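Okay, structure first, notes after.
Just so it is clear, none of the values below were taken in a lab; they were calculated from the coordinates. Remember, predicted model here, so these are calculated numbers, not experimental data. All Cβ positions, glycine included, derive from the backbone under ideal geometry; neighbour counts span all protein chains shown.
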Ligand SMILES: Cc1cc2nc3c(=O)[nH]c(=O)nc-3n(C[C@H](O)[C@H](O)[C@H](O)COP(=O)(O)O)c2cc1C
């Protein structure tokens, strides 16, 4: 582990030296831990509070077993499907995560190029470290994630810019009225190094909660949210966003049937079932556990996606069987980025995609349409059936 205060500026970020050594996402995570300053690794890896929800996101996958079918002829497996009415080559996308230049000098540009090389959708964060227009110029299939600040004209500007730059959907994150209690970041006094900032909101100053001597008093990001983010956001604002945005609207962070029904009534196009990777409300259910009730509540009127803890092809299968149309991954992309920039991101997505193909073969599913509820059963030591 590196010293948390070590400057990132002169970090050498060598490209993947021996990619064959990394055969699972955990191998990328191990190497990212070695490469990144501790403050950055902790920011990426950590969750809120006791990190119970963070751990639940993974454990939830263990609560389901797969019910394989055999002798169905699986030589050809087709992963293609559609998302918000557009074809995608496989149902795995890049979740919005902040500050990619903390992992690699090319930041979100490298992520976008890696995603583009496989045709994956990338959701670009409001708090990216490369301007949204430059990310768009890579040609990646892109959606824009929105944080609404107190000054609503900032959101209207971002929406205009994202639409002009060819973003195909607007993803409103609803689970972050205030930043969750990320104790690692408070302990590390998380701060952005000089030269890395909010590229989409250059006029929004990072709050200067610094102690004498130049160190931040706590997490700079937490201070930013407390000072600038609009905690008064309500369902009325969903109507406002629909009125000002020509893009399809996805609500990210919905975890209950009640909110899913309100989202459907509000006319949204998509729901991303998510607990923000365990970084907001500790004690919230695992995303996979919340998925069935959300999917059931909207009954195919709204496209349901999920993120949180997806690390293997079998995880993707379980999420799809429980009602998701596609899944998104957050941290694995950052590990890929830290290990090898564009090529690292490509490897992560390729690994997940190929692992999904393998899982489809082993469960006797040839197309995404064949992945249905009968594929999973509760793991209770005995097979309960579908
Ligand atoms: C380092 C980091 C930064 C994140 N930044 C954002 C963000 O800016 N906006 C957002 O909506 N979600 C953000 N998220 C949440 C992710 O979009 C996603 O919900 C989560 O990472 C999925 O879980 P996973 O990391 O287990 O795949 C962030 C997550 C991480 C790990």
Volume of the Cα convex hull of region 270-309, divided per residue and given in Å³: 59
Relative exposure of 334, 192, judged by other C-beta atoms within 10 Å (fewest first): 192, 334
R0 of 22 Å, Cβ-Cβ distance residue 187-residue 27: FRET efficiency to nearest 0.05: 0.20
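Average the reciprocal distances over every distinct pair of alpha-carbons in region 258-336, invert the result, and give the Kirkwood radius in Å.
12.8 Å is the Kirkwood radius here.
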Value of Rg/Rh across region 287-386 [Cα atoms, Kirkwood radius]: 1.01
Most mobile of 362, 71, 233 in a GNM of the chain (Cα contacts under 10 Å): 71
Alpha-carbon Rg/Rh ratio, for region 64-146, with Rh computed the Kirkwood way: 1.12
Rounded D (µm²/s) - region 182-309, Kirkwood Rh over Cα pairs, Stokes-Einstein at 10 °C, 1.306 mPa s: 94
Per-residue Cβ neighbour rank within 10 angstrom, fewest leading, 294, 140: 140, 294
Contact order normalised by residue count of region 23-378, Cα under 8 Å, 6+ apart, percent: 27
Column: log10 I(q)/I(0), Debye, Cα scatterers of region 29-101, q = 0.12, 0.20, 0.22, 0.28 Å⁻¹: -0.67, -1.09, -1.12, -1.23
Reciprocal of mean inverse Cα separation for the chain (Kirkwood radius, Å): 21.1
Sequence of 76, 318 once ranked by neighbouring C-beta atoms within 10 Å, starting from the fewest: 76, 318
Cα convex hull of region 121-186 - mean projected area over all directions, nm²: 5.3
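Given N residues in region 97-231, what is its alpha carbon radius of gyration divided by 2.2 N^0.38 Å?
1.07
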Counting DSSP beta bridges with both ends in region 263-386, the antiparallel % (nearest 5): 10
DSSP beta bridges in region 23-378 [antiparallel fraction, %, rounded to 5]: 25
Highest-MSF residue in the chain out of 166, 107, 47 [GNM, Cα springs under 10 Å]: 166
Computed E for residue 34/residue 240 - FRET, C-beta separation, R0 45 angstrom, nearest 0.05: 0.50
0 to 90° range, to nearest 10: angle between helix 107-116 axis and the chain longest Cα axis: 20
Mean-position separation - Cα centroids, region 331-349 and region 39-88, in angstrom: 17
Segment residue 378-residue 117, extension gain: residue separation times 0.36 nm, minus the distance between their alpha carbons: 90.3 nm
